[in-house]
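One structure is given here, and the rest of the page talks about it.
The values are calculated or read from the model by the stated rules, or taken from the named source; none is laboratory data. Here the structure is a predicted model, which means the values were calculated and not measured. When we count neighbours, we look across all protein chains shown, and the Cβ atoms used for this are built from the backbone with ideal geometry, even at glycine. Remember, those area values only see protein heavy atoms, side chains included, never the ligands or the DNA or RNA. Shrake-Rupley method; radii C 1.70, N 1.55, O 1.52, S 1.80 Å.
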Amino acid sequence: MKMNRSLLILLIAFFMLPIVEEVQAQQSRPFAEFKFGTRNPEDTGTGNFFGVSTGRRLDDRLYWGIEFDYFKSSYLKETTIATDTTGGITVNTRVLELEFATRIASLQMQIYYELKLGKQSPFYYRASVGAGGEFIWNNENNFVQDIERTRFFSGFGWKAATGIALKVSRSGVIFWDIAYNNATARKNRERNEEGLPIFQEIDVSGFGFQVGINIIGLGF
């Protein structure tokens, strides 16, 4: 009797193995996400960004991935400029309105969470958090004195987002998120030039809004 029971358990396990493997394969499937939206960083003007991420499912609710975002903004802003320098050291300053163009590239590791809102509902709650590097190119144009330069800043940043997704196909969902990006980047060299800004740090933290599509089965 004990042997028959063991044999039955063994047979059930044997027939269940393909089902378990199929579920595990589905849970570890890759995904790709494409998004665009707006962001309002602290030290720059409001601008648009495009993002793409790819990764894999950990289970039916969690995903991990790598995300790349590219942001661009053009704006006018009053800033402190150097009017007299000696060996790159500022002696005198004044406030002047300059024209800026800021580009930000960020590369982050992300964790995503997804929860279906009801058994029959096509809607999902979603959230994500990630951290990585922020790389900033800041073009500064003193159009009064016709002086221009581009400076590079870099630093650590993190991002959190939350929103609602709608399942539109077997593999795809579209989503709407509110996101917050936090990053303060610095210059490696503190050298000032006459007629141009003297700040050596730029705060690109701010809230934004993003929409996009997540596709299961696409990615690595």
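Filtered by the rule that a residue be among the β-branched types (V, I, T) and either assigned to a loop (DSSP other than H, G, I, E, B) or on the phi > 0 side of the Ramachandran plot (or both), segment 39-61 gives T44, T46. In the set V211, V204, only one residue is of a type outside the set (S, T, Y), surrounded by fewer than 14 Cβ atoms within 10 Å (Cβ to Cβ) and under 14 Å from the mean Cα position of the chain (by Cα); that residue is V211.
Going residue by residue through segment 49-63, is there one that turns out to be acidic (D, E), open to solvent by less than 20 Å² (accessible area, probe 1.4 Å) and farther than 23 Å from R189 by Cβ? Lay out the reasoning, then the answer.
Just the residues of segment 49-63 that are acidic (D, E), to begin with: 59-60.
Applying the additional criterion that residues be open to solvent by less than 20 Å² (accessible area, probe 1.4 Å) yields none.
Checking segment 49-63: not a single residue is acidic (D, E), open to solvent by less than 20 Å² (accessible area, probe 1.4 Å) and farther than 23 Å from R189 by Cβ.
For the residues K2, K35, the requirement of being among the basic types (K, R) and either modelled with pLDDT of 85 or more or surrounded by 14 or more Cβ atoms within 10 Å (Cβ to Cβ) (or both) singles out K35.
Among the residues of segment 137-145, is there at least one that is open to solvent by less than 40 Å² (accessible area, probe 1.4 Å), touching a Gly at 6+ places or on another chain (Cβ under 8 Å) and assigned to a strand (DSSP E or B)?
First pass over segment 137-145, keeping only residues open to solvent by less than 40 Å² (accessible area, probe 1.4 Å): 138-142.
Next, from what is left, pick out any that are touching a Gly at 6+ places or on another chain (Cβ under 8 Å): 142.
Now restrict to residues that are assigned to a strand (DSSP E or B): 142.
For segment 137-145, residues open to solvent by less than 40 Å² (accessible area, probe 1.4 Å), touching a Gly at 6+ places or on another chain (Cβ under 8 Å) and assigned to a strand (DSSP E or B): present.
Could you tell me whether any residue of segment 176-187 is acidic (D, E) and open to solvent by 80 Å² or more (accessible area, probe 1.4 Å)? Steps first, please.
Initially, segment 176-187 is screened for residues acidic (D, E), giving 177.
Pick out the ones that are also open to solvent by 80 Å² or more (accessible area, probe 1.4 Å) and you get none.
No, segment 176-187 contains no residue that is acidic (D, E) and open to solvent by 80 Å² or more (accessible area, probe 1.4 Å).
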